[in-house]
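The structure appears right after this line, and notes come after that.
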Amino acid sequence: MKGRKLLMIPGPIEFEPEVLQALGAPTTSHTAPNFITSFGNCLKMMKQVWECPDGQPFIMAGTGTLAMDMAGANLIEPGDKALVISTGYFGERYAELLKRYGADVTILKSEPGHTVDFSAIEEALKTNDYKLMTFTHVDTSTAVRVDPKPIGELGRKYNVLTVLDGVCSIAGEEMRQQEWGIDVALTASQKAVGVPPGLALLVASSKAMETWKNRKTPVGNYYCDWSNWLPIMQAYEEGRPSYFGTPAVNLVAALEVSLKMILAEGMEKRVVRHEALAKEFRQKIRDMGFQMMPVNEESSANTLSAIYFPETINGSEFMAGMAKSDVIIAPGLLPELKGKYFRVGHMGSVNRSDIVSVLAAIEKTISQLKNLP
Ligand SMILES: *Cc1c(COP(=O)(O)O)cnc(C)c1O
């Protein structure tokens, strides 16, 4: 498309034309039969993408942070102990959020580029009575990916609810919520799910729903309260009209198209595509003399990369040069390292020519910097 720049940031991303078309269709009533069917289809397809057949999906108008808020609001009661496993900016956010609901929060924080040792997590669970632990599947500030499987195992072993912030991973990285025993897995539409910003998406396990049902205190957030939304989700899945807050009708229509495309590709193939493109990108970037923030391949995300500037490159000059190219990338996000690195998103509809385009833009920018007087 002439004059359009390639959007390679960790969300929003490039969206499929079919998805954007759905967004532009005439808005229907939120109780129209077609819309009820679309909403119900989305809920059913979410369970497939998340691989959580017995889970309870929620679709809300809002951002990923609202999905984080929904989990915190419904699962925390004042005084509950919560463990936050933080691998970057969004871990810190979760800690702040849980405190608002009266949680007694402990943070286990890794150095940028590293993960938190599982032995440290187990030690914390052994010596404390946590109700819930959160972790970030892929932290968008560091591009560090955490393996959810052992955390799910620890959650089951110590009877602690597990909340996975999958805003930068779900529909891009491998996700087996039910098999791994993850109690809440949440995301937002604008990342690997491939729909413009505006939807918060969450799937809760039966254990999470049970914990919420057994609360002794009311949920401290009216809009997020599952008492308000559970009947709505159940109605849509059963094909009945219902209302609590007006759903984002056009975005839900676009979500249906995107989820269908995701399932048509198949999650397994989709994960392999993300993996192959990310690996190739990291290798080529290293060949250019850059260093990745994640310390090893094992903990490197396939949905985005975080890349340190080498000594020889001035970060702000590089970003200014890239701003003149046809590719949009993102600056660093961790406050303590902000000017020291940049980020490239490669998720959702990403293909090989997108990867080649970013690499070419980076190469060109570097060579222009070197030619400066
Ligand atoms: C983007 C992101 C969020 C926040 O999502 P918003 O839609 O911006 O509120 C939370 N966690 C992670 C891992 C993210 O990548």
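The values are calculated or read from the model by the stated rules, or taken from the named source; none is laboratory data. All values derive from a computational prediction rather than experimental measurement. Cβ placement follows ideal geometry from the backbone for every residue including glycine, while neighbour counts extend to all protein chains displayed. Just so you know, the surface numbers come from the protein's heavy atoms only, side chains and all, with ligands and any DNA or RNA stripped out. Shrake-Rupley method; radii C 1.70, N 1.55, O 1.52, S 1.80 Å.
Things worth noting here:
- Cβ crowding within 10 Å averaged over residues, with 48-54, 26-32 ranked highest first: 48-54, 26-32
- Centre-to-centre, using Cα atoms only, segment 115-139 and segment 175-221 are separated by 19 Å.
- With 10 Å bins from 0: P(r) over segment 141-297, alpha-carbon pairs, percent: 9, 29, 35, 19, 6, 1
- For peptides 12-23, 263-274, 336-347, sequence by mean Cβ density within 10 Å, most packed first: 336-347, 12-23, 263-274
- For the chain, averaging the sequence separation of C-alpha pairs within contact (under 8 Å, six or more residues apart) and dividing by the residue count gives a relative contact order of 26 percent.
- On a per residue basis, segment 17-264 carries 38 Å² of accessible surface, using protein heavy atoms and a 1.4 Å probe.
- Check: segment 17-264 dipole with +1 on Lys, Arg Cβ and -1 on Asp, Glu Cβ, in debye: 400
- Residue (of Ser325, Ala32, Thr312) at the positive-pole extreme of the chain, dipole from beta-carbon charges: Ser325
- Average Cα contact separation per residue, segment 263-373, under 8 Å, 6 or more apart, as relative contact order %: 28
- Counting DSSP beta bridges with both ends in segment 17-264, the antiparallel % (nearest 5): 40
- Calculated from backbone phi, Karplus (6.51, -1.76, 1.60) coupling profile of segment 315-328 in Hz, x at Gly/Pro: x, 6, 5, 5, 5, 5, x, 5, 5, 8, 7, 8, 10, 9
- Segment 275-320-segment 14-47 distance, computed between alpha-carbon centres (Å): 36
- Between Gln178, Gln234, Gln56, the residue with the greatest mean-square fluctuation in the GNM of the chain (Cα pairs under 10 Å linked by springs) is Gln234.
- Computed over every Cα-Cα pair of the chain and binned at 20 Å starting from 0, the pair-distance distribution P(r) comes out as 30, 56, 14, 0 percent.
- D_trans [Stokes-Einstein, Kirkwood Rh over alpha-carbon pairs] for segment 123-199, 20 °C, 1.002 mPa s, µm² s⁻¹: 165
- Scaled against 2.2 N^0.38 Å for its residue count N, the alpha carbon radius of gyration of segment 59-212 is 0.94.
- Farthest towards the positive end of the charge dipole of segment 20-120, among the residues Met46, Ser110, Tyr89, is the Cα of Met46, using unit charges on the Cβ of Lys, Arg, Asp and Glu.
- Rounded if a/c under 1.5, otherwise prolate or oblate - segment 294-353, Cα gyration tensor axes: oblate
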